[in-house]
1. Given the condition within 27 Å of B:CYS41 (Cβ to Cβ) and in contact (Cβ under 8 Å) with a residue 24 or more places away in the chain, answer yes or no: does some residue in region A:188-205 qualify?
2. With (1) within 10 Å of chain A (Cβ to nearest Cβ); (2) buried (at least 23 other Cβ atoms within 10 Å of the Cβ); (3) more than 18 Å from A:ILE94 (Cβ to Cβ) as the list, and B:MET205 as the residue in question, which single condition is left unmet?
3. Here is a list of conditions, (1) of a type in the set (A, V, I, L, M); (2) away from chain B (no Cβ under 13 Å); (3) under 30 Å from B:ASN73 (Cα atoms), and A:ILE137 meets all of them except one; can you say which number that is?
4. Return the total of residues in region A:76-93 being at the interface with chain B (Cβ under 7 Å from one of its Cβ atoms) and open to solvent by 20 Å² or more (accessible area, probe 1.4 Å).
5. Scan region A:154-174 residue by residue and report those that are touching a residue at least 60 places away in the same chain (Cβ under 8 Å) and under 17 Å from B:LEU23 (Cβ atoms).
6. Please list, ordered by first then second residue, the pairs with beta carbon atoms under 8 Å, 6 or more apart or interchain, first in region B:51-75 and more than 9 Å from DNA strand C (Cβ to nearest atom), second among the hydroxyl-bearing types (Ser, Thr, Tyr).
7. So, of the residues in region A:1-25 that are away from every other protein chain (no Cβ under 11 Å) and more than 22 Å from B:TYR191 (Cα to Cα), which turns out to be farthest from DNA strand D (Cβ to nearest atom)?
8. Tell me, yes or no, whether region B:92-105 has at least one residue that is in a loop (DSSP other than H, G, I, E, B) and more than 23 Å from B:SER15 (Cα to Cα).
Protein chains: 2
Amino acid sequence: MIAEKVSEKTIRRLSHYARCLRLAKLKGESIVTSRQLASNCGISSAAVRRDLSIYGEFGKQGSGYNVDDLLVNLEKILGTTDPPPVIIIGAGSIGCALMVSGLNGTGGYSYEAIFDIDPGKIGKLCGESPIRSAEEIHGVIKDNHEVIAVIAVTRGAGQAALDLLIQAGCKAVLSFTLEPLKVPEDIEVRYVEVSTELDVLTHSMRRKERDPAMPKWSHS
Amino acid sequence: MIAEKVSEKTIRRLSHYARCLRLAKLKGESIVTSRQLASNCGISSAAVRRDLSIYGEFGKQGSGYNVDDLLVNLEKILGTTDPPPVIIIGAGSIGCALMVSGLNGTGGYSYEAIFDIDPGKIGKLCGESPIRSAEEIHGVIKDNHEVIAVIAVTRGAGQAALDLLIQAGCKAVLSFTLEPLKVPEDIEVRYVEVSTELDVLTHSMRRKERDPAMPKWSHS
DNA sequence: TTGTGATTGTGAATACTATCACAAATCAGA
DNA sequence: TCTGATTTGTGATAGTATTCACAATCACAA
């Protein structure tokens, strides 16, 4: 079955499945069932089978899915067989932390370069990488057309950073800023919203205090 | 209308609305319409009105919503009028970056303390905060019952960190680790999944290359 | 007072997502 | 080969979420 319309939710889960499969591979497992994947990802086995069946029949009735094969197929679907390079805009504490640690091993992605507009920072080192001038972004994206940019600038500078990236031809952005950004139709921007996650946790914690019997969420 | 069952999606959006309202307040605006909120959050105005109407009738027909009043009400609903303190587990690059920068101003939350198990790190400074021994977590949570813990440990140490927190009585956790964690029913854990976000971006970018006419997602 | 234009809150309709439940297929062991 | 225990893939169903569209309401000006 060829995928026509696939929801973002499904794509997110495919990413989770791929991560679980890499883990299973490390542990030397060669077969997984939908139930195992489901349990590791905290969802139902039917959802796993439904997600995978959108793209093909990867499983074998009676046994399950071959770990290596399914992983190869998922990476093909996601496009992560050969992951694009990642560049970081903003050499503040978060930008540098990402550059140095790769956020504790973000499967397959490599952080290629880090940029800042502050002349005082340019040339200094972030781990082993020199901080480069924001003016160089254009050239780097030209040389290396498929790039994901991470925006990790200080508050208020997000839109300027994004505009610079768009002008340089960048098509995919992950933003750590909280500002509502003006984004053209052909650019994909995703957000890491730590403060929203904290709000959701606060809400849940304080609601439970008021009524401990309440379930976590209405839909689960 | 009293809220009986509210989805997590709605709560996330309430957090977005609150952020927009704080911005509007800074700009000196005293009234916002559902259309303005919607445009800033990238959704439809009907969705905004629906979300807000779950909890009450905050708007005025013909004009819109009073910025101050709505913000107060949203913070009451979210429980963020007086936000809980946040502690950080793991004084690696991300943990320290969070501690130092507060992730570029995460509205209202204060990062109270940072912990690590590495004896070589304990006592050293992370910005102005001394890195404390993980053994002290228990005492800190006892003193300050409502706490959100952020897990920012190295790969593989996530479950140990979580178990420690649970034992100390922590009920709300935000994890930057990618491992599938075993979580008791009464603990709320949320994840910041940078590598999944990158996967989604990669998928979207590479699918567009193959078929530029395709819309971003099936449901929008 | 009356009219005009704007905006909310919500019933109804639509669109989307998750779950159920089972036929078909596979495996392993006797 | 046959039998029983598994597990997939999917039609049908149930459950959620979003959008449409409009009566009710409000602000304001003439």
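1. Yes, region A:188-205 contains a residue that is within 27 Å of B:CYS41 (Cβ to Cβ) and in contact (Cβ under 8 Å) with a residue 24 or more places away in the chain.
2. (2)
3. (3)
4. 3
5. A:THR154, A:ALA157
6. Pairs that qualify, where the first residue is more than 9 Å from DNA strand C (Cβ to nearest atom) and the partner is among the hydroxyl-bearing types (Ser, Thr, Tyr), are B:ASN66/B:SER30; B:VAL67/B:SER30; B:ASP68/B:SER30; B:LEU70/B:TYR17; B:VAL72/B:THR81; B:ASN73/B:TYR55; B:LEU74/B:TYR17; B:GLU75/B:THR81.
7. Among them, the one singled out is A:LYS25.
8. Checked against the condition, which is being in a loop (DSSP other than H, G, I, E, B) and more than 23 Å from B:SER15 (Cα to Cα), region B:92-105 yields at least one hit.
The values are calculated or read from the model by the stated rules, or taken from the named source; none is laboratory data. Remember, predicted model here, so these are calculated numbers, not experimental data. No Cβ is skipped: glycine too gets one built from the backbone with ideal geometry, and neighbour counts run over all protein chains shown. The area values use the complete protein model at the heavy-atom level, side chains included, leaving out ligands, DNA and RNA. Shrake-Rupley method; radii C 1.70, N 1.55, O 1.52, S 1.80 Å.
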